[in-house]
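Okay, so here's the structure we're looking at.
The values are calculated or read from the model by the stated rules, or taken from the named source; none is laboratory data. Everything numeric here is computed off the predicted structure, so don't read it as measured data. FYI the Cβ positions are ideal-geometry reconstructions off the backbone, even for glycines, and counts take in every protein chain you see.
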């Protein structure tokens, strides 16, 4: 058997381990006594429009078509509508940034990322990620034989450090992954950062005589607060691949529906897309679930009630700051990235368990000394957890 896959099977991600621990602990002492902030599982119900769209499809569409195979890359009409939406919503230039012939429907953003990385990478290549980063990037990258290169963001703002990224780029660099709004920090990278990064990649690509692809991982695109703007990266850089899903915006993580969109401005765009199709074939990802493919164009641009997340964020940020915790205030997603009250984040999380606070240490996110708090929980849990956070802070005095 494959020893690498055996190892992955034996060792779940730290997020999943804490999530499973929470289930056991809740069974022991009760749900209301455990403050589980481990996993980014949306707590806000999907909007009524999801139910209405699915009902309409089930009642008005030929069931053989609705539940049958689509084309391997996804239904042509679905891909056309998605492309039209992208052009109408995000394009600020004269050249197209999307094409239905360059969209590949996937089982969520994870499949989109896996297909994209498999399409682009060869043995010995390197992929730069901005740390802190979603831990599964390492799994998706290393299964191809490539190497993940974490580059730390600014320790105060959690925004990209362009000088550090520049120093990490070399002849082995094949791609850079950008995730904004970011998991685990919730930080939205402003336009000035995207311009600086894409300018650097254009310069380095020219120097190296090959394209460095930018993979935009965007499952949190619509989850922003206070009017924060998320730049659409294909408008700034031609060699971009966008990976998207409805999991977070519409509270549909279990339905696993998303897409890969290769920019038509990319060098060898058609071949890149065909490589994505080939990766989907090799990985067994052809024909994403047809029912949700047909639903997706009906709901693009809609969100669940994200004001609930914003309220949770405000409650937590205000209270934790008062208690002496430090965090870069997030403008998106539903995570807080908080400085641990001791250098060892794992030890801090173990101490937090004594107060029934289940937090995720930052080590697997590519940096040390922080914890991630997923505040996509009920407001009741947020408020009930505050005395525990206060007691935890006081335990260090």
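A quick yes/no check of all residues on (1) farther than 21 Å from residue 299 by Cα; (2) not in a strand (DSSP E or B):
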site: 26; (1), (2): yes, yes
site: 32; (1), (2): yes, yes
site: 42; (1), (2): no, yes
site: 45; (1), (2): no, yes
site: 50; (1), (2): no, yes
site: 66; (1), (2): no, yes
site: 77; (1), (2): no, yes
site: 104; (1), (2): no, no
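Put simply, of 219, 160, 234, 253 the only residue that is under 21 Å from residue 268 (Cα atoms), touching a helix residue (DSSP H, G or I) at 6+ places or on another chain (Cβ under 9 Å) and either touching a residue at least 12 places away in the same chain (Cβ under 8 Å) or in the same structural domain as residue 266 (by TED's automatic domain parsing) (or both) is 234. Here 346, 353 are screened, and the one residue that is more than 25 Å from the chain's Cα centre (by Cα) and more than 30 Å from residue 304 (Cα to Cα) is 353. Taking residue 142 as the residue in question, decide whether it is modelled with pLDDT under 95 and more than 14 Å from the chain's Cα centre (by Cα). Taking the combined requirement at face value, the residue does not satisfy it. Tell me yes or no: at least one residue of the stretch 114-127 is within 15 Å of the chain's Cα centre (by Cα), in the same structural domain as residue 270 (by TED's automatic domain parsing) and surrounded by fewer than 23 Cβ atoms within 10 Å (Cβ to Cβ). No: the stretch 114-127 contains no residue that is within 15 Å of the chain's Cα centre (by Cα), in the same structural domain as residue 270 (by TED's automatic domain parsing) and surrounded by fewer than 23 Cβ atoms within 10 Å (Cβ to Cβ). Can you find a residue in the stretch 322-342 that is farther than 23 Å from residue 227 by Cα, touching a residue at least 60 places away in the same chain (Cβ under 8 Å) and in a helix (DSSP H, G or I)? Looking for residues that are farther than 23 Å from residue 227 by Cα, touching a residue at least 60 places away in the same chain (Cβ under 8 Å) and in a helix (DSSP H, G or I), one finds at least one in the stretch 322-342, hence yes.
In summary, residue 71 fulfils each of the numbered conditions (1) closer than 25 Å to residue 251 by Cα; (2) in contact (Cβ under 8 Å) with a residue 12 or more places away in the chain with the single exception of condition (1). Scanning the stretch 130-153 for residues that are buried (at least 24 other Cβ atoms within 10 Å of the Cβ) and either assigned by TED's automatic domain parsing to the domain that holds residue 368 or assigned to a strand (DSSP E or B) (or both) turns up just one, 130.
Would you confirm whether or not the stretch 353-373 contains a residue that is farther than 22 Å from residue 16 by Cα and assigned to a loop (DSSP other than H, G, I, E, B)?
Going through the stretch 353-373, the residues farther than 22 Å from residue 16 by Cα turn out to be none.
Scanning the stretch 353-373 turns up no residue that is farther than 22 Å from residue 16 by Cα and assigned to a loop (DSSP other than H, G, I, E, B).
Annotation note: of 14, 50, the sole residue that is in contact (Cβ under 8 Å) with a residue 40 or more places away in the chain, out of contact with any strand residue (DSSP E or B) (no Cβ under 7 Å at 6 or more places or on another chain) and surrounded by 14 or more Cβ atoms within 10 Å (Cβ to Cβ) is 50.
For residue 22, the requirement of being outside the structural domain of residue 267 (by TED's automatic domain parsing), within 30 Å of residue 365 (Cβ to Cβ) and surrounded by 12 or more Cβ atoms within 10 Å (Cβ to Cβ) is met.
Of all residues in the stretch 284-319, those satisfying the criterion of being farther than 30 Å from residue 104 by Cβ, in contact with a helix residue (DSSP H, G or I) (Cβ under 6 Å, 6 or more places away or on another chain) and either surrounded by fewer than 20 Cβ atoms within 10 Å (Cβ to Cβ) or not assigned by TED's automatic domain parsing to the domain that holds residue 336 (or both) are 315, 319.
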